[in-house]
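I have placed the structure first, in the form of structure tokens, so that the comments after it can refer back to it.
The values are calculated or read from the model by the stated rules, or taken from the named source; none is laboratory data. Remember, predicted model here, so these are calculated numbers, not experimental data. With ideal geometry, Cβ positions are generated from the backbone for all residues, glycine too; neighbour counts draw on all protein chains shown.
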């Protein structure tokens with residue numbers, strides 16, 4: 001009976017939703033920054049799979065169905081941008097300049113740090129596109145001779161850092177303007193950071209959506225020259 | 001618009017963009033393409049907010065849960081990752097705030113200038 005249950009895609013779906021629910025509850029109870037529902041849900045699922053020796057492939061039959069909706073979840077950000085179109089039109093150039101600066105900083109700083117630490121070229125190629133959304137990052141890593149799984153992990157790490165700490169970054173770097181906050185989140189931590197930006201405010205969410213698009217496009221173009 | 005109509009529009013649009021992305025001569029993610037197409041349809045008035053509003057709000061309010069399987073997938077990459085863990089952590093933890101700071105400062109600086117000009121005359 002257990003085997004039948006584990007082989008059903010419903011298993012992955014059900015424990016993902018359950019773990020997410022638990023994550024929401026724990027965040028409400030503790031109010032701690034590190035008790036982000038995404039972190040808690042991920043940790044709970046990994047713990048569950050490890051303790052009961054359930055193969056990741058069993059979980060991923062349902063998990064893949066959830067990941068499938070990353071596409072539509074990104075597409076619908078268009079409505080958030082649309083709702084802020086007046087503000088975006090008024091401040092288009094600063095937003096664009098910020099995205100360009102962010103892209104160059106991301107690629108430049110990764111290259112520099114990799115050289116300083118004498119990281120193998122294939123690892124460097126995998127880390128290069130870490131600030132952009134997974135689909136773009138994997139394509140860029142592929143064309144540069146990188147390793148897909150490292151690229152995807154680096155993207156998630158950058159996204160989680162942004163999702164967890166972006167309010168802290170804003171205070172630390174004295175970024176008070178909501179437009180600047182949003183563009184910064186999108187440029188440094190793509191759609192995962194944007195999910196947090198939407199919680200901070202609609203303007204931050206919209207600007208983060210714009211910036212994740214623009215930075216994705218700019219980084220793909222930039223990667224052609226590396 | 002019935003809710004299933006809204007879902008059909010969004011899924012159909014994403015499916016179309018998967019096809020379009022395969023036609024492009026360079027690698028480009030279908031998700032970003034569908035964002036751009038949906039934005040274009042909204043801006044030109046082909047689609048109205050009432051056609052897709054409820055589905056969009058559902059996805060944006062619950063966006064982070066769609067990343068859970070990708071994060072759980074990290075356990076599969078653990079072996080490759082553990083070989084380069086130290087440089088990986090240093091680069092991840094250092095560059096993300098750096099990119100945030102440079103981007104946000106650039107925007108804030110340029111916005112400030114624009115606003116000064118607006119206030120002067």
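Only one of the numbered conditions (1) crowded, with 17+ Cβ neighbours inside 10 Å; (2) within 7 Å of chain A (Cβ to nearest Cβ); (3) farther than 26 Å from residue A:185 by Cα; (4) over 18 Å from the mean Cα position of the chain (by Cα) is not met by residue B:13, and that is (4).
Applying a threshold of 6 Å to beta carbon distances and a minimum spacing of six or more residues, or different chains, the list of pairs starting in the stretch B:86-102 at a residue that is facing chain A (nearest Cβ under 7 Å) and ending at one that is outside any helix (DSSP H, G or I) reads B:87/A:117; B:87/A:119; B:99/A:131; B:101/A:173.
Kindly evaluate residue B:6 against the criterion of being over 24 Å from residue A:192 (Cβ atoms) and touching a residue at least 24 places away in the same chain (Cβ under 8 Å). Yes, satisfied. Summed over the stretch A:176-226, the residues that are buried (at least 24 other Cβ atoms within 10 Å of the Cβ), facing chain B (nearest Cβ under 7 Å) and farther than 22 Å from residue A:85 by Cβ give a count of 3.
Consider residue B:56 carefully, then state whether it is at pLDDT 90 or above and buried (at least 20 other Cβ atoms within 10 Å of the Cβ). Yes; evaluated as a whole, the condition is true for this residue. Looking across the stretch A:119-142, just one residue is under 15 Å from residue B:31 (Cβ atoms), at the interface with chain B (Cβ under 7 Å from one of its Cβ atoms) and assigned to a loop (DSSP other than H, G, I, E, B), and that is A:133.
If the requirement is being closer than 30 Å to residue B:16 by Cβ, surrounded by 16 or more Cβ atoms within 10 Å (Cβ to Cβ) and touching a residue at least 60 places away in the same chain (Cβ under 8 Å), which of these qualifies: A:13, A:70?
Only one candidate qualifies: A:70.
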